[in-house]
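Structure first, then comments.
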């Protein structure tokens, strides 16, 4: 590509713009990535959906009260008692009042329940991603930079963590902490346990990526320069190496969030994640499993919610990777 | 080569030992961490309304009062020499390998667990064959003609595939093929030796829903790997010396692009063999995964511990096999 891009690529710490006398406008790595990202229509669409979803999750409470939606409000008058509590009417009880229909047995509004499930899903996925990627980055950069026994210990630790049957472990741990731990109970406890369980066992993936990148970065001139100026370990780690790792960390985090959304939904589907009465997408699907023959609508609503959310994050992550990593194109 | 194999086997055994110790520690410390006493723990092993004498007996027999390392030592000893539990109306024997004894329904964990393995193996192997064939083929064809109609279409489907949870695709498949058009209804596991045709018929939907997710993943990985390999210098050299394109692609391109995929396959298969928890739950297959979920729901700690160790065993063994296969085809691995 263009000359300024190559310079920026080799020394990302170089000032964003060269001397103002030159007519050629210098572009920072971020600017270049942003231009490239803007050209990718699918990624931009994914990004917009992600922003909307985050807004929806943040404003779930106010929105529900604004539109008079209550995720826990039963509507038994809309159910067919003769058919064991199935929604009256076609398409799972869709109507102007309940645009996505209602659930069987209790007649709760599905739109309200899906919206209410969004913040739990995103909170757990974000929390777990932050936890595992912080652990992975710190340990990975240390293993890569210090080498020697530090590297050996951390790498072996990664091997051990990768040998754990992750899902099984997560289920067992969340089940045994269900009663109460850390002085928490109910919903806050379930969210904390999910974040911990999903985040704590996922860090080696990030750790490996960061370690590999650090191994090649630490031999670069700017690190030697910093060291010859008298900089010591922590400074080099956090001020010299880490800023250069922001790209891969950002990309990998965006791609880990959808995985964690699926993970949380899976745990809730198996009945060890978020517990009723709080609605969760996985929990709704588990519930819908008993009705898929007579009321498939019930299953499609939370299923599509998961699909759209995960797809949007994947599109955004793919786009960011293409934009930040010129080699991938 | 022989030295390398021995070294890898010992490393795998050491890894298993560490994993088992950590698993053991977690399952025995976690309930305490959550604030349970030894008495409450012992009560969990018995069932409803335990008498104080029974609790005391369990506590003593299982050594809940002893330090963790002593308990772990007893567990390891049970694996190689079996164990005896002397309490209750009849004394219980746990044969070798003693993966634990479930006091809730008075059964040894190992035989009950192993009886579920054929179901899980059938599910995992069938799905693996499907996803390897479809995923890698799609990835290769896409990479050979990037930005073609096929590439865009298949990568679009693959993106949808990695965004769909198995418990949604599985439920959709069931709705369509078992209910709306009941061509595959009344699904239940039939052993392969009993009736191979029924075995395949009843497993085809679980295979497809599992393989859809993984082939999407593998198609994306293969495509990325192939695109990178096919731009290498040695591919140009191979073409320049007049090699047939098919040989360039398969022998020079695919062979090196597949290396990282084999590693990932080893991990994926190992994980699945330890129980495809969600797929088994969706299709009500009575495999290792269902065993685990039931054990967890019943709060039956010996079973949970046993099945976790079995799953870890499968993961470690699959990774070991992959490592050894690498050493076989790539001399650099075994010499480094």
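Going by neighbour counts of Cβ atoms within 10 Å, the residues B:153, B:130, B:301 line up, fewest first, as B:153, B:130, B:301. Simple spin-label estimate for residue B:96 and residue A:187 gives 5.5 nm between the two label positions (7 Å along the Cα-to-Cβ direction from each Cα). I need the fraction of alpha carbon pairs in the stretch B:202-336 separated by more than 19 Å, rounded to a whole percent. Tail fraction, whole percent: 65.
Which FRET efficiency value, to the nearest 0.05, do you get for residue B:76 and residue A:159 by plugging their Cβ-Cβ distance into 1/(1 + (r/R0)^6) with R0 = 22 Å? That gives a FRET efficiency of 0.60.
Applying D = kT/(6 pi eta Rh) to the protein assembly as shown, where Rh is the Kirkwood radius over alpha-carbon pairs, T corresponds to 4 °C and eta to 1.567 mPa s, the Stokes-Einstein value obtained is 47 µm²/s. Highest mean first, the peptides B:310-322, B:161-173 sorted by other C-beta atoms within 10 Å per residue fall in the order B:161-173, B:310-322. Model label sites at residue B:133 and residue B:247, defined 7 Å from Cα along the beta-carbon direction, differ in position by 2.8 nm. Taking other C-beta atoms within 10 Å as the exposure proxy, B:203, B:76 rank B:76, B:203 from fewest upward. Applying the Kirkwood pairwise sum to the alpha-carbon positions of the stretch B:112-335 produces a hydrodynamic radius of 19.3 angstrom. Using a Gaussian network model of chain B in which every pair of alpha carbons under 10 angstrom is joined by a spring, one finds that among B:218, B:179, B:101 the greatest mean-square fluctuation is at B:179. Shielding value for A:262-274 is 4, the average number of Cβ atoms from other chains within 10 Å of each residue's Cβ.
Per-residue mean of foreign Cβ neighbours for A:253-261 is 1 (Cβ atoms of other chains, 10 Å radius). For an R0 of 41 angstrom, estimate the FRET efficiency from the Cβ-Cβ distance between residue B:255 and residue B:60 and round to the nearest 0.05. Between residue B:255 and residue B:60 the formula returns 0.10.
Among B:252, B:74, the ranking by other beta carbons within 10 Å of each residue's beta carbon, starting with the fewest, stands as B:74, B:252. Between residue A:72 and residue A:293, the FRET efficiency estimated from the beta carbon spacing at R0 = 22 angstrom works out to 0.25. Across peptide B:164-177, the mean count of Cβ atoms from other chains lying within 10 Å of each residue's own Cβ comes to 6.
Only the coordinates and a few stated rules stand behind these numbers; no lab work does. A quick note: this is a predicted structure, and the numbers were derived from the prediction, not measured. Cβ sites come from the backbone with ideal geometry, for glycine too, and all protein chains shown count toward neighbours.
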